[in-house]
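Inspection log for the structure reproduced underneath, given as structure tokens.
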Amino acid sequence: MPKLPDIKIKRVDNRPTNKEFLKVNQDWYELTYPDGSKSVPFQYDAIKRWINDAAVILAYSDSGDIYLRSCVRPPMSYIDVELVNMWELAAGLIDPGETPIEAAARECKEELGFDVPISEFRALGDYILPSAGMSAERLYLFCVMVDPQKGNVPLLDGSPLEKFGEVIAIPNKEVRELIRNGYIKDAKTEIAIRRFFDTVAVF
């Protein structure tokens, strides 16, 4: 695997923000069981994001390469600073008014540099719930064949997290090995790759 970009992270302070990206809802619930009995009321904390869902893009070439990009994930600094920067599939939030497939096409252009018509994208099954015990986020998985000769510099979204990010093409056999040996830590990336190999890949 190519070396990840040498991007380091430092937690600076807890200054207030103008707009919360995540909000913790502390709601109370009551369950009704099959026998008609009810649970005692209980509190359950859940995370709500101002945009809840995201599209995930597995871009591949006809030669069998799969495209990954480096991603900075600040929460990982709480447990392992070595995991702050990881190789993942491209992904991004679904903007208000967008369909999942429209978001996939936009993010493919922004994060990977490939401008591909929506008609070329194929869903990899139904959405997945990456952390249903904590968030109602849905991830919509797509794959699309791209032409390496038509790739451009990714547009990016202006976020500090995407600056100096790199895009790499990895042979499918190597990707399989990365999954088997546990090198790929990002769950959405592993699930999308496994679905791709199970239902789409012809190489």
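Values in this text are rule-based calculations from the coordinates and carry no lab data. The structure displayed is predicted, hence computed values, not measured ones. Every residue, glycine among them, receives a Cβ derived from its backbone with ideal geometry; neighbour counts consider all protein chains shown.
How much length, in nm to one decimal, is gained on full extension between Ile79 and Phe164, taken as 0.36 nm per residue of separation minus their Cα-Cα distance?
Extending this stretch completely gives an extra 28.3 nm.
Rounded, prolate or oblate: which one fits the stretch 8-82, using the alpha carbon gyration tensor with axes a ≥ b ≥ c (rounded when a/c is under 1.5, else prolate when a/b beats b/c, else oblate)? Write down the numbers at each step before the final one.
Details: a/c = 2.79, a/b = 1.51, b/c = 1.85.
In terms of gyration-tensor shape, oblate.
Provide the percentage of antiparallel DSSP beta bridges, counting only those with both residues in the stretch 50-199; round to the nearest 5. Don't jump to the answer; show the numbers that get you there.
Details: 17 of 24 bridges.
Once the DSSP bridges in the stretch 50-199 are tallied, antiparallel ones form about 70 percent.
GNM on the chain, C-alpha springs below 10 Å: top fluctuator among Leu156, Leu31, Leu129?
Leu31
For the stretch 47-120, rounded, prolate or oblate, judged on the Cα gyration tensor with a ≥ b ≥ c (square roots of eigenvalues), a/c < 1.5 rounded, else prolate if a/b > b/c?
It comes out oblate by the Cα gyration axes.
Sorting Tyr183, Tyr78, Tyr127, Tyr140 on the 10 Å Cβ count, fewest up front, what's the list?
Tyr78, Tyr183, Tyr127, Tyr140
Can you tell me how the stretch 50-199 classifies by the Cα gyration tensor, rounded, prolate or oblate, using a/c under 1.5 as the rounded cut?
Rounded is the answer for the stretch 50-199, as its axis ratio a/c remains below 1.5.
Could you work out the relative contact order of the chain, using alpha carbon pairs under 8 angstrom and six or more residues apart, expressed as a whole percent?
Relative contact order for the chain comes out at 24 percent.
Take the chain, mark every one of the GluC sites (Glu not before Pro) that falls in a DSSP loop and has at most 12 other Cβ within 10 Å, then report the longest stretch left between them, sites excluded.
With a cap of 12 other Cβ atoms within 10 Å, the longest stretch comes to 31-203.
Order these by the 10 Å Cβ neighbour count, fewest first: Arg195, Arg180.
Arg180, Arg195
Give the residues of the stretch 87-118 whose amide nitrogen is closer than 19 Å to a point set 7 Å from the Cα of Trp50 in the direction of its Cβ.
92-98
For a distance above 16 Å, tell me the whole-number percent of Cα pairs in the stretch 83-130 that qualify.
More than 16 Å apart: 46 percent of the Cα pairs in the stretch 83-130.
What order do you get for Leu22, Leu112, Leu68, Leu139 when you list them from fewest to most C-beta neighbours inside 10 Å? Please report the intermediate quantities before stating the final value.
Values: Leu22 9, Leu112 24, Leu68 27, Leu139 19.
Ranking Leu22, Leu112, Leu68, Leu139 by Cβ neighbours within 10 Å, fewest first, gives Leu22, Leu139, Leu112, Leu68.
Using just the helices of the chain, give the 222 nm mean residue ellipticity in deg cm²/dmol: DSSP H runs with n ≥ 4 each add -39,500 (n - 2.57), and the total is spread over all residues, rounded to 500. Kindly include the intermediate steps, with their values, before the conclusion.
Numbers: 3 runs with 30 residues, N = 203.
Mean residue ellipticity, 222 nm, calculated: -4500 deg cm²/dmol.
Quickly work out the Leu22-to-Lys185 label distance, labels modelled 7 Å from Cα along the C-beta direction, and quote it in nm with one decimal.
With each label point 7 Å from Cα toward Cβ, the separation is 1.5 nm.
Take Ser63, project a point 7 Å from its Cα along the Cβ direction, then tell me which residues of the stretch 120-154 have their backbone nitrogen under 14 Å from it.
Inside the label zone: 146-151.
Using R₀ = 25 Å, calculate the FRET efficiency as 1/(1 + (r/R₀)^6) where r is the Cβ-Cβ separation of Arg176 and Arg122; round to 0.05. Kindly include the intermediate steps, with their values, before the conclusion.
Numbers: r = 20 Å, r/R0 = 0.79.
The computed FRET efficiency comes out at 0.80.
Among all the lysines, which ones have a C-alpha under 21 Å from Lys173's C-alpha, if same-chain residues fewer than 8 places away are not counted?
List returned: Lys3, Lys185, Lys188.
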